[in-house]
Each structure stands twice: as C-alpha cells, then as structure tokens.
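A.B. asks: Before I ask anything, here is the structure I am working with.
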Amino acid sequence: MINRREFMAGTGLAGLRLARPARALAAAPSAPVAVARCRSYGTEFLSATEKMFDQLGGLGRLVKGKTVTIKINLTGVETTRLDYLPQGRTFWSHPRTVGAVIHLMDKAGARRIRVVEGAWVWPASLEEFMLKAGWNPDLLLKAAPAVELINTNLPYKGSKPYTRFPVPRQGHLFPAYDLSTAYAESDVLVSMNKIKEHGTAGVTLSIKNCFGISPTTIYGNKVPLDEPAPVPYGGRQEIGHNGSRQPPTSSPSEIDPKSPRQAGYRIPRFIADLVAAVPVHLAILDGIETITNAELPRQDATRFVSPGVLVAGTNCVTTDAVAMAVMGYDPMAERGTPPFENCDNTLRLAEELGVGTRDLNRIEVRGVPVREVVFSFREHGGPRTPRQPGGRRGA
Amino acid sequence: MTLIAGSIPIRWQCGPLEIAKREKTGALSAEERSVIERWLNPGALDLLRGSPVDCLILGWAAGLPQDAEQQRSTAPLAGEARRRGLSVVGWVEGAANREAAIAAARAAGLTAVAVEGFNGRSDFPVIPWGPRSNAPWESAGVVLPVTENVWPGLQPGAGSQDPDAGPTSLPWLDSNGWYVQLARARVRAPVWLMFDPPGKGRILRAQDYSMAICDSEAPGGRWVISLDDGLRAGLLAGSSSALETWQAIARTSAFFRDHQEWSSYRSLGRVGVISDFAGENLDFSGELLNLMARRDLLYQVIWKSQAATAPLTDLRALVYADTAPPAPPLRRKMLEFVEQGGLLVTGPKWGTQGRPATAGFNTIFNVSAYGKGRLAVAKADLSDPWQFSVDTQLLLSHRNDVMKIFNSSSSGCTRFAASPDGKKAVLQGLSYSGGRSSMRTVWTWRQFRSARLWLAGAAPVTLQAQPSDEFAGAEYHLPEAAAQPYFALEFEV
C-alpha cells in the first residue's frame, strides 16, 4: 500500500515499491554515532576525532593489523574554488583532516594505509591531482610510514585491475559492481568527506561519497561497449546519472533496463548498492567548514558556512542519518520533501539493503547532543534554482 | 615618418584592390563595398585621433589589374596620414611586381613596403613578411609580420560547461601565443601578427577585440589591428556601441604600449622545448607548444641552432621531438642535463640508455634512470602532441609548477616571465571564455617582495601575498573587479 505522498512522487519510489515486496526495515542494524564540536582543522580536529573514535569503541579494535582504505572526496575539477577558498575548506575533504586520520590509524596499529579517490583527471595519479589542486600530498604521505595514494578511476596495478562486488539482496540498480581491486585488498573502508547538500542526491554524506569508488573506466562516459577503457574519458553521466547506456558487457548490466532514466532515481540506488556491496566501516563527516546548496561551487548559489561540527560512526547509514539531523533535515524524509525534492532518499534505499537504520530513535548518539549542534543548511543556503538535466555533477 | 619597432599598426582596408580581392574570394555586399570605399576618405583617419595607433597597413599591390588604381586612389589618404604623423606601410603580396611596387611606394611617400619573403636589396625600406610555416627569420626588417594566424578564442560550441568536456576534452581553444613565443626566441624584431576577424555571421564584441590584442601582446607580439566590416560601418555611422568598441581597442593597445618592457622578459617555464621548428617538426613541436600552454605547462623555446649555447640552468626538463636525432654535440649537452638531474622527453630514435625505471602511470614513453635524472623515450613514432604534452607534464610533476590560476578552465596563454636583470617578473593571465572571468586566485611557487595588479585601462592595485593554506609559495587574490579576460601581476623579486 502506498500513501498519497509516495503516489505523488511518481515513478521513483512508487515504482520501486510496486515492483518489489517491502523489505524488512527493522532488520537493518544500528550502530552508535559520535558528534563533536570542532571549529578548526589543526590540533582541535585531531583531539576531537581521537575522542570520537574512543566514544565509538576505539580505533585499534577496528584497524589494528589491517589494511585501511580511506575514501576521500575530491569531486570535480582540480582547480575549482569557491571564491578564494581552498577546496578543503569548502567542498573537498580537508588535507589536514586526512593527515590527522592517517596519523591516528597508524597510531592504532593499521598495517597499511591507503588513501583513494576516483579523481577527475586523466591519466594522472592521485598525487598529481592533489598537486595540481594546490594540495601538499606530503601532508598525507608523511603522516605515517608507507602511505599510498591510489586513483581508483585508473585500472589497478597488476594482473587483476578490477574485482566484482555482488550487492546483497540483489541490489537496486545493478546486481554487482566491478571496482578497483584496491577495494578488494582493503580490510577497513573509511568514508571521509564534507557534510554537504547535493543537487541530484539531496545530500552528500558518507554514502554519497562512495559514488566515486565506481571506476570511470567502466561506469564513465564513452567507455567501450565490451570491456573497460584503458583510461577514463569523462564523468558518469551516461551510465550513472541518466542511464542512456549500459556498462561494458564485461561488467554486469542493470537489473531492470526499463527502470526510470532519471538521475534522481538512479544515483540514490547506485550509491546505496555500492555501500551494500562494499561496506563502510568508519564514516567521518567534516562539518567544520563546508558549503550549502550544492556539492560543488555554483555561481551565486553556493554559500560558505562554518557549522563547526564533526560526525563519525561505524555504520554509514546511521552516521548519515545523524548528520542529516545536524543539517536540519529528517533522515526519514521521502521523495518530494527536503532535501529530497527531486530524488529518492539514499538512506532509505541503503536501509532496504540491510546496511543500517536511518531511524534516529534506534541510533545512540554519543558526545554532543544533536540539538546542540543543529545547523540548518536551508536557512544558510543561497537561492535555489532548478538545474538543467545532464550537466556536470560531483560527489 | 619612420616606422619604429614600437609602432601600433592597423590594417586599413580600403580602395579598389581590397574590393577586387574580396570579389575574388566571395560575394561582396553593397554595404561592404560602400564601407571599403568610404574608408578611403582621408577624413576616416579622424578615428585614430587620440588613439595609440600610429601606423597604417595599406593594401598596395597583389599582382591584380587594380594595383595601379589602388596606388593612385590611396595617395590622398597616405598624404593625410603623413601629415598626421602616421607611418604608412604598403602591403605587397601575391604575384605583384615587387620592383614596381617599391618604386610606387617611394613615389607616393610611403614609409615602407612589406613584401612576402623579400630577401633582396633595396634603398627603400622593405619589410619581409611570411606565413607562419615559412617566416623570414633572417629578415633585417624593423618588424616581422607573419600571416596564417588564428582569431583567438574558444571555438563556438566548445563552452567549458559542456557536459562532455572532461579530463580529456578541454574546450578547444585558438591562440597565437605559442607562435609568438617561438618567434620571439628567434628574432629581436617585434612580431606582427596578421589576422582578420572571423567571417560574416559572427558579431564581435569589444572584449573579442581586446582578447585579440591580449593574446598577441601578452607573449610579446603585436596584433595588426583589423576591424570587421560591421564595426567599420558602425564607426562611419557614428554608432555609440561601435565607438565604445573602438575605444576598448585603443585602451588595450595603449596599455601594452605602456608596458612594452614586458615583451623582453624571459619565460620562467621549467621545460625547454628544442626544435628547428621547420617543416613537419614545426607541425609537431608547434602544436606541442600550443597544447603545453593549454595545460599551463610553461616552457622556454630553444631553437636548435641556438641550443649549443643556450643556458639550461633554470630548466627541470627538456623536450626534443624533432624527427631527426640531434647532432652529437647537442645530444651530449642534453645527456649532461639529464646526468645532473634533469628530465629529457624525446622521440623513439633516441635509443635505449640508462636503467629501466617506472613512470607511475600509463605513458607513451619508456622511462629510464640516467645519472641523477631520467630519460623518457617514446615507445613509438610521435603522432599525438596532446598525449605528449600530458605525459610530459606528469613526468615533470606538478611539484615543479611555478604558478597556478584557479578557476581557469578557459585559459591557455598564461605567461610568467622575468626581466633580464631578474629583478622583476610579470604573470599575465587570459580567460578566453568571454564575459566575466572567474580567475580570482593566483598561486606562485615563491613569495615576491611586492605585487601589483594591472588591468587594461585601470590604475594598478597593490596586492598582498597570502600564505598558501596547504602548500609552499604564496597566493594572490584578485579583487572581484578584476574579473576580466586579462590581468597582469607585476612582481618585484
């Protein structure tokens, strides 16, 4: 039975519900989420995150002796800035937060630490991408011994560049995804990015950050029909956003090629699938400084804001649910309501795959109560204008 | 009036020869014919009053029946130009009788004639000119006019927000900057770029003309101003918008005249591109320069004939992409550069040397360690200058960048150069996208003692260096008012 709001939302949610039996939402697990105030990226961040990790049960329990893969967020073109502000203060992960987390991982006994991103560049290494952007990669590379930087948009070194990751419970959009083997070699996946809004997916949090783990050699524009491209040729509009084509035949095709060809339908399902297929073990969300109204700087619409908050958790859905509450949004919101005016709720879709619960009543918040750090992104946003379909998007 | 190196020329399209040439190449409307005829009126020179333009380029002879009539009918105009202190250069092209054209110019009191490929003797001032592919490098002319240039700008439909524009598809950009740098490295005379506005159907704005000037002047050249028929008709009719466009042209030209010293500055690029820039080598190495500029990979042009004595001290990499291997002395010099820690990027004929090394990315080069440096030798014959430029930049690494301009996807002719005494430097940025530029933040690898922001037609503004948040060097924040297609940052070292 669908209610009126779901009906009005049209093909997205309604279509899904009609096509499939309701999933056992109550089965989605919960996990505690830590919230902290933090106003700066120096030692304050280091001590705040260390305390948060302790509140979550300790980092050593999670990473000792393990290969840790930190998925950061460097969406868009490397030389884009909002006004004069470095990307780390606005829409990217901040290099000092990444360096601090690497340091803490090493201190907690991680065996190997890798920083990964599907960087929008061709065919450069992640290090070169960072350098072009004005980052000092040494902040990461020297934060611990033998740190590696990997651009997962490029074929992984060695004889097996890609590994297939099936999606539990069949998946929403694809039954399985072919991803860089770097993810297969990982014991602990950390999703680390800004708290942001997103023009297509409503919010960019730890789940949306994982959109970038899909290699553009397979899920990017202009890839060959039968096999991965040797190098990326563009973004993910064709396969990820609008579904105008399928991935190469060497990778699994969509479950239902007749499903809606709308980014607001597809992107949330794509990323829900990914975090179900490749579990995020630790989500670290930076709301110290960020932007409102977009995931990338957009002329006259994007505002720089300083909410001064951090959110972290061991389950990406529970963490994102709490982060949404901090942003002034309801994680139970459905399509048609903020911030999901034009898309389905990614958290719900991930919840349906058994990743985690978005029900705040089932999530224990440790540290600072959410009500004390709520920062309404809508109230601090610039003018909201409709987007043209098909344009460039980020993560 | 003597033609001087600092002259600011304009192509004065008038007279029966211009009409005949246009009729040969296509339909000429009555309105266009009228403009060309009326431009012959000496009174039209009033336009130049108060402007920095001080030299007319007049069509003089083209080997057409109208040559003699052209020379007769332009006499009053040339006389009036002389009276106003303007120099007048007769343009001789095609199958024209050169001796007759020179004699007629002398008789008409012209300042000089410009003759394609002229290498003879004359007691009348003759300026040799040539196409890009065959420029008269040995010319002793006071200036070096070159044809076959492009109207600078993004190609229509290649907007930077094109959803298909991605890592491999920067919007296509036309620029003459690379050629000016190439020519300036060879000759002392100012390089005059001859090119006309694009054809009918494209309405040019003031900023389009300003960009044509900036694209030529920033790398040290000079555009021979050429107005489209629509603008000239508007100026004859007293149109205020046409006048505004002309004033913008004059303002931009005056700006560069007032900063003529910048054209003598030497590139701070850390890649030296060695070539004879002739024939197919010009095709490849020229396009390589063009594409390196598009990626803000700043370079120094080193002519092969001068390479033996060229200082390589400021360079981190050398590129040698000519088809034929270098002569033994040059090869030795390049190897010494590598031994001392440099990078050499070259074609497959170099051969194998050094110990195999990894590039760290999928590249068209085999990389080997040699001495303290690296050799990158192409795996196959060179055919893709874009890939060559991409790989060269990655092999060199952005760690060696000397500058970055943020939000500059439509740039492509950035010039960062230092004065001969090393006490000053200037960084000139261009945005070809039209409209307001989003170039607001400039990063340099080092902090300078002082910085002044120059915009064409405005007083300079002192900028304070800002510490770079995450990196060495310094940032300079351009005020919002500077959101224009061109800026120059002048530094005291």
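A.B. asks: Working only within the range B:352-374, note down all residues that are closer than 15 Å to A:S125 by Cα and either among the aliphatic types (A, V, I, L, M) or not assigned by TED's automatic domain parsing to the domain that holds B:E339 (or both).
C.D. replies: B:A359
A.B. asks: Restricting the range B:123-146 to residues that are in contact (Cβ under 8 Å) with a residue 12 or more places away in the chain and open to solvent by 30 Å² or more (accessible area, probe 1.4 Å), which is farthest from B:S305 (Cα to Cα)?
C.D. replies: By that ranking, first place goes to B:P125.
A.B. asks: Next up: Would it be correct to say that A:N221 is polar (S, T, N, Q) and within 14 Å of another protein chain (Cβ to nearest Cβ)?
C.D. replies: Yes.
A.B. asks: Please report, ordered by residue number, the strands (runs of 3 or more DSSP E) entirely within the range A:232-324 with at least 1 residues that are modelled with pLDDT of 95 or more and within 14 Å of chain B (Cβ to nearest Cβ).
C.D. replies: Ranges flagged: A:303-305.
A.B. asks: Further, regarding this structure: Is it the case that the range A:107-124 has a residue that's open to solvent by 10 Å² or more (accessible area, probe 1.4 Å), without any contact (Cβ under 8 Å) to a residue 24 or more places away in the chain and facing chain B (nearest Cβ under 10 Å)?
C.D. replies: No - not one qualifying residue is present in the range A:107-124.
A.B. asks: It is to be established whether one or more residues within the range A:198-218 are touching a Leu at 6+ places or on another chain (Cβ under 9 Å) and surrounded by fewer than 19 Cβ atoms within 10 Å (Cβ to Cβ).
C.D. replies: No, every residue in the range A:198-218 fails to be touching a Leu at 6+ places or on another chain (Cβ under 9 Å) and surrounded by fewer than 19 Cβ atoms within 10 Å (Cβ to Cβ).
A.B. asks: Separate question: Determine whether B:G153 is more than 14 Å from chain A (Cβ to nearest Cβ), buried (at least 18 other Cβ atoms within 10 Å of the Cβ), at positive phi and modelled with pLDDT under 95.
C.D. replies: On the way: more than 14 Å from chain A (Cβ to nearest Cβ): yes; buried (at least 18 other Cβ atoms within 10 Å of the Cβ): yes; at positive phi: yes; modelled with pLDDT under 95: yes.
Taking the combined requirement at face value, the residue satisfies it.
A.B. asks: If I ask for residues that are more than 22 Å from the chain's Cα centre (by Cα) and either at pLDDT below 90 or open to solvent by 10 Å² or more (accessible area, probe 1.4 Å) (or both), which ones from the range B:402-417 would you list?
C.D. replies: Correct list: B:N407 only.
Results for (1) basic (K, R); (2) within 30 Å of B:F448 (Cβ to Cβ); (3) within 11 Å of chain A (Cβ to nearest Cβ), shown as yes or no for each residue.
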residue: B:F361; (1), (2), (3): no, no, yes
residue: B:N366; (1), (2), (3): no, no, no
residue: B:A369; (1), (2), (3): no, no, no
residue: B:K379; (1), (2), (3): yes, no, no
residue: B:F406; (1), (2), (3): no, yes, yes
residue: B:A417; (1), (2), (3): no, yes, no
residue: B:P420; (1), (2), (3): no, yes, no
residue: B:S431; (1), (2), (3): no, yes, no
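A.B. asks: Oh, and also: Condition (residue is within 14 Å of chain A (Cβ to nearest Cβ), surrounded by fewer than 20 Cβ atoms within 10 Å (Cβ to Cβ), free of Cβ contacts under 8 Å to residues at least 60 places away in the same chain and under 30 Å from B:C214 (Cβ atoms)) applied to the range B:349-358: is it met by at least one residue?
C.D. replies: No, the range B:349-358 has no match at all.
A.B. asks: Run down A:T163, A:T152 and say which single residue is away from chain B (no Cβ under 12 Å), among the β-branched types (V, I, T) and open to solvent by 10 Å² or more (accessible area, probe 1.4 Å).
C.D. replies: Going through A:T163, A:T152 in turn, just one is away from chain B (no Cβ under 12 Å), among the β-branched types (V, I, T) and open to solvent by 10 Å² or more (accessible area, probe 1.4 Å): A:T163.
A.B. asks: Identify the residue in the range B:51-85 that is within 16 Å of B:I225 (Cα to Cα) and among the small types (G, A, S) and, among all such residues, is surrounded by the fewest Cβ atoms within 10 Å (Cβ to Cβ).
C.D. replies: Among those that are within 16 Å of B:I225 (Cα to Cα) and among the small types (G, A, S), it is B:S51.
A.B. asks: Name the residue that is most open to solvent (accessible area, probe 1.4 Å), counting only residues in the range A:125-145 that are in a loop (DSSP other than H, G, I, E, B) and within 14 Å of chain B (Cβ to nearest Cβ).
C.D. replies: Among those residues, the one meeting the criterion is A:K142.
A.B. asks: Ok, one more. I'd like to check something: does the range B:466-489 contain any residue that is of a type in the set (A, V, I, L, M, F, W, C) and part of a helix (DSSP H, G or I)?
C.D. replies: Checked against the condition, which is being of a type in the set (A, V, I, L, M, F, W, C) and part of a helix (DSSP H, G or I), the range B:466-489 yields at least one hit.
A.B. asks: Of the residues B:L375, B:L396, which is of a type in the set (A, V, I, L, M), open to solvent by 10 Å² or more (accessible area, probe 1.4 Å) and within 30 Å of A:K157 (Cβ to Cβ)?
C.D. replies: B:L396
The values are calculated or read from the model by the stated rules, or taken from the named source; none is laboratory data. The shown structure was predicted, so the numbers you read here are calculated from the model rather than taken from an experiment. Don't worry about glycine lacking a Cβ; one is built from the backbone with ideal geometry, like all the others, and counts go over all protein chains shown. With ligands, DNA and RNA removed, areas are computed over all heavy atoms of the protein, side chains included. Shrake-Rupley method; radii C 1.70, N 1.55, O 1.52, S 1.80 Å.
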